1. Describe numerically, in nm with one decimal, the distance between label points set 7 Å from Cα along Cα→Cβ at residue 128 and at residue 108.
2. Which of the peptides 92-102, 110-120 is most tightly packed, and how do the rest follow, judged by the mean count of other Cβ atoms within 10 Å per residue?
3. Could you check the simple spin-label distance between residue 180 and residue 94, using points 7 Å along Cα→Cβ, in nm with one decimal?
4. If you project the alpha carbons of the stretch 86-207 onto their three principal axes, what span does each projection cover, largest first, in Å?
5. In the stretch 155-187, which residues have a backbone nitrogen under 17 Å from the label point lying 7 Å from residue 72's Cα in the Cα-to-Cβ direction?
6. What distance in nm separates the simple spin-label points at residue 190 and residue 168, each placed 7 Å from Cα in the Cβ direction?
Amino acid sequence: MAVAFWPTSLPQIPQARSFRGGPQDNRVAFQPMAGVPITRPRTTGMVKQITAVFRQLTWSQFEIFEGFVATDINQGSSSFIWRHPVGGDPRWWRLAGGETLYQEEHLENGRVNVSLALYLQPAIPWFADYIPAGVSRVPYFVADYANGVYGIDGKTVAASALTTIAGTFWVQRTTTTEITEAQETLVATEIPASAPGTTTKIIGFET
């Protein structure tokens, strides 16, 4: 199953003053015989809980959002990639939920405000540098020959695994002189385990 990411057809950042939150209290406390409780972190990474509000979504955008929640992130049970609205770097997120998975406010003009409670997870995805600027679109495969980084469907793999890739993808090819992009139908072995000619990087996105 492909890595879920925030849909490119939705607003990529919430409106100003509509993004707030902070780190969860990650401490566990022990009460000594006297004095201040002794505390230590529960986990090595710190999880933040954030609230983001997307205002004035069109009905079509709201339907895309509903489909994303229901299908792409399995009714909110799966994590997804979204660029941090302030820092801009791709990060792992998950719906925090509550009484409802999200809050929706239907307006008289037919538009919808959506409020999300989200967990920002501490891990940085290994494929962050291969996500196109301005969106959260995760590549299906990465063949970065120059830096020795190879991955398929969100997982790092050995270079030899690239030869199994087949299907139709939007492919970005980088050589020592240019970058080209086009939709390609690939057959197995067409993405080689070693750099073909002057190619330094091949990245493919699901169409």
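Only the coordinates and a few stated rules stand behind these numbers; no lab work does. Note that this is a predicted model, so its numbers are computed, not measured. A quick note on method: Cβ atoms are made from the backbone with ideal geometry, for glycine too, and the neighbour counts reach across all protein chains shown.
1. Roughly 4.5 nm, to one decimal.
2. Put in order of decreasing packing, that is 110-120, 92-102.
3. With each label placed 7 Å out from Cα toward Cβ, I get 4.3 nm.
4. Extents along the principal axes, in whole Å: 57, 33, 26.
5. Within reach of a label on residue 72: 170.
6. Once both label points are built, they end up 1.2 nm from each other.
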